[in-house]
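The values are calculated or read from the model by the stated rules, or taken from the named source; none is laboratory data. Just so it is clear, the model here is predicted, and its values are computed rather than measured. Here Cβ is always computed from backbone atoms with ideal geometry, including for glycine, and neighbour counts include all displayed protein chains. Accessible surface is based on the protein model in full, side chains and every heavy atom, while ligands, DNA and RNA are left aside. Shrake-Rupley method; radii C 1.70, N 1.55, O 1.52, S 1.80 Å.
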Amino acid sequence: SKHSVNLDNRTANVAVRPFELEMGFQFELHVTVSGREINVSEIPELPIPEDWMRDKLELNFYKTERGGGEIEKVTYDKESGTAVITFLKPG
């Protein structure tokens with residue numbers, strides 16, 4: 001569990017320690033599809049930063065096995081619980 005790491009001609013001794021990740025969240029989304037954009041509503045308010053929520057939405061809609069694709073941008077509004085997912089290509 002102990003390691004030595006060389007950084008900029010200096011050696012740092014580090015130790016690996018286990019840590020617990022917080023449990024994941026599962027929630028239901030309501031989706032409206034139109035051309036290159038998907039409107040998502042009723043996103044529950046979760047105790048995570050807004051950029052994490054944008055990342056979670058992007059990962060969810062990027063998955064091709066769910067009909068997703070490459071994403072251009074994710075616009076998330078925490079106050080209204082809505083998001084717009086914009087894809088690079090319509091489909």
For the range 34-87, which whole percent of the accessible surface, found with a 1.4 angstrom probe, sits on carbon and sulfur atoms?
-> 45 percent
For the range 34-87, accessible area per residue (1.4 Å probe, heavy atoms of protein chains only), Å² = 64 Å²
Counting only protein chains, not ligands or nucleic acids, how are T86, T75 ordered by accessible area (probe 1.4 Å), most first?
-> T75, T86
Mind checking which lysines have their Cα closer than 29 Å to the Cα of K56? Skip sequence neighbours fewer than 8 apart in that chain.
-> K73, K78, K89
What spacing in nm lies between the two simple spin-label points modelled at L46 and D8, each 7 Å away from Cα in the Cβ direction?
-> 3.7 nm
